[in-house]
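Single-structure report; data block below.
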Amino acid sequence: MNLSKKLKDAREISGYSQAEIAEKLHISRQAISRWENDKAYPDIDNLIILSNLYQISLDELLLDQKEKSPQNAQNNISSKNLSYEQFLIVVVTLIACIVPVIGLLINISAIIFCVLKKIKLGSIGWFIICACLTINIANAYAVLSVEFFNFGKANIEKISFLPSKTQSILF
């Protein structure tokens, strides 16, 4: 609910007319009408006087019901914990760059976790995670290509482990 509707409702509940409020505030009735029709806003001094006249708090006048509910207060507390969770995710993905193949799995898991939990990392957080993913893919490719995908290439280490009959065929 916006301020204009709250002002009008509070005035009507209190039993005042626009003219009576205007007289108490030493302003024109048209000013009250503009406030209640959302064409202008009262200054802070007038808001304090209106709050006292209507016997409602400034919070009730200015804040939406959602903003002052206990559930929303709990959400505000959890948003502080969320920043710690964001930090933890970014740190884990940075550390995962050290371990090539396992780091790739950790990085992909962190991305899936953020998407499923709807964690908002911000542009810097997503940039760091994507950069770590790229590094992990490159590291994993380098490790796997050296260890497993070099079947056609021979080197001294590979030949020395072959049985002697196979060595004689090669040379």
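For the stretch 112-145, what are the residues that are part of a helix (DSSP H, G or I) and of a type in the set (Val, Ile, Thr)? Talk me through it step by step, then tell me what you get.
Kept after step one, since they are part of a helix (DSSP H, G or I), are these residues of the stretch 112-145: 112-117, 122-145.
112, 115, 124, 128, 129, 134, 135, 137, 143, listed by residue number.
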> What is the number of the single condition among (1) assigned to a helix (DSSP H, G or I); (2) modelled with pLDDT under 90 that residue 38 does not meet?
Replying inline: (1)
>> Being at pLDDT below 85 and among the hydroxyl-bearing types (Ser, Thr, Tyr) is true for just one of 168, 109, 57. Which residue is that?
In response: 168
> Are any residues in the stretch 83-106 at pLDDT below 85 and of a type in the set (Ser, Thr, Tyr), and if so, which ones?
Replying inline: 83, 84
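The values are calculated or read from the model by the stated rules, or taken from the named source; none is laboratory data. Here the structure is a predicted model, which is why all the values come from computation and not from measurement.
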